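Trainee: To start, I am sharing the structure in question, which I have written as structure tokens.
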Amino acid sequence: MRLIQENISSEFDAFSKNYKKDMIAVVPHYEVLLEVFLDAIPHDHLVEHVLDIGCGNGIVTDRLMSKYGESKYTLVDASAEMLALCRQRFLDRRVDYVQSYFSEFNFPIATYDLAVAGFSLHHCDGEEKQLLFKKIHTALKPGGLFVISDLFINKSDEDHPALLKEWEAHVMNHNPGGNKWAWLMEHYAAFDRPDNLENQRTWLTKAGFSEVKIIWKKGHWINLCAVKA
Ligand SMILES: C[S@@+](CC[C@H](N)C(=O)[O-])C[C@H]1O[C@@H](n2cnc3c(N)ncnc32)[C@H](O)[C@@H]1O
């Protein structure tokens, strides 16, 4: 198993090679948590412009395009390799690609009908999440939706050891040799800063979102939709 990289962009440059297979092996419920992005969007919601925050190889955008193929998409990610995969994947689509850290992205005002973040925000600490939630709220049009699939727990939470046990069972089931679990725990220590649902709900509300709906939840693996009034 390869070494842990120095920073998040090179970590994901390397991760891009077998991305979906690796994600299924290391993230419990990964495929369901991708599927449910569409369930979060009401049928009558106008989706003209979408922002994908931490697009990776474009897997969430691809899911959205199955329904909203004519919409415009803005894909933001720090990893050049991940964005290169998106460029190949979305050749004939209306897509802008932005290689940027979230903290350096210049969020426009009242521009998007939908912002999505699949398994990207747990890389930000609580302070950065709070800032981002405010910027995303400002970047959405009135009535806009912000949909997240991710792990929601703090490493200091009482049930964190139990989560790790369940998570290990999932990973060992896919990779009985154990080297994937060892790699994942190094990655988790170096790059992952998840926050629990209570904190994130509070920060979304503080950022101005009027409603936070849980679309799908199994333990601490959650898809939620925050609504801008
Ligand atoms: C686990 S992948 C998720 C990709 C995809 N959205 C999905 O659902 O599978 C996280 C992505 O977020 C990007 N990322 C993480 N933290 C970032 C940051 N602070 N700024 C920009 N991109 C970041 C990584 O480069 C990576 O491509």
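Trainee: Applying the selection to region 65-118, what residues are within 9 Å of the ligand (Cβ to nearest atom), touching a Lys or Arg at 6+ places or on another chain (Cβ under 9 Å) and of a type in the set (Phe, Trp, Tyr)?
Mentor: Residues satisfying the conditions are Phe102, Phe105.
Trainee: I need the full set of residues from region 171-199 which are surrounded by 15 or more Cβ atoms within 10 Å (Cβ to Cβ) and more than 16 Å from the ligand (Cβ to nearest atom), in order please.
Mentor: Scanning region 171-199 gives Asn175, Trp181, Asn196, Leu197, Asn199.
Trainee: Among residues belonging to region 119-128 that are assigned to a helix (DSSP H, G or I) and over 22 Å from Val36 (Cα atoms), point out the one that is nearest to the ligand (Cβ to nearest atom). So that I can check it myself, show each step before the final result.
Mentor: Step one: filter region 119-128 for residues assigned to a helix (DSSP H, G or I), giving 121-123, 126-128.
Remaining after also requiring over 22 Å from Val36 (Cα atoms): 126-128.
Numbers: Gly126: 14, Glu127: 12, Glu128: 7 Å.
Applying the filter and picking the extreme gives Glu128.
Trainee: Moving to a separate point now. On the phi > 0 side of the Ramachandran plot, modelled with pLDDT of 95 or more, more than 9 Å from the ligand (Cβ to nearest atom) and touching a strand residue (DSSP E or B) at 6+ places or on another chain (Cβ under 8 Å): does that describe His29? Spell out how you get there, then give the answer.
Mentor: Working: on the phi > 0 side of the Ramachandran plot: yes; modelled with pLDDT of 95 or more: yes; more than 9 Å from the ligand (Cβ to nearest atom): yes; touching a strand residue (DSSP E or B) at 6+ places or on another chain (Cβ under 8 Å): yes.
So His29 passes the test.
Trainee: Looking at Leu132, Leu145, which one is within 23 Å of Asn223 (Cα to Cα), within 16 Å of the ligand (Cβ to nearest atom) and outside any loop (DSSP other than H, G, I, E, B)?
Mentor: Working: Leu145 fails: within 16 Å of the ligand (Cβ to nearest atom).
Testing whether each residue is within 23 Å of Asn223 (Cα to Cα), within 16 Å of the ligand (Cβ to nearest atom) and outside any loop (DSSP other than H, G, I, E, B) leaves just Leu132.
Trainee: Given the criterion within 14 Å of the chain's Cα centre (by Cα), buried (at least 21 other Cβ atoms within 10 Å of the Cβ) and of a type in the set (Val, Ile, Thr), identify the matching residue among Val36, Val60, Val32. Walk me through it before giving the result.
Mentor: Details: Val36 fails: buried (at least 21 other Cβ atoms within 10 Å of the Cβ); Val32 fails: buried (at least 21 other Cβ atoms within 10 Å of the Cβ).
Exactly one residue qualifies, and that residue is Val60.
The values are calculated or read from the model by the stated rules, or taken from the named source; none is laboratory data. Everything quoted here is computed from the prediction, not taken from an experiment. Glycine also receives a Cβ, built like all others from the backbone with ideal geometry; neighbour counts cover every protein chain displayed.
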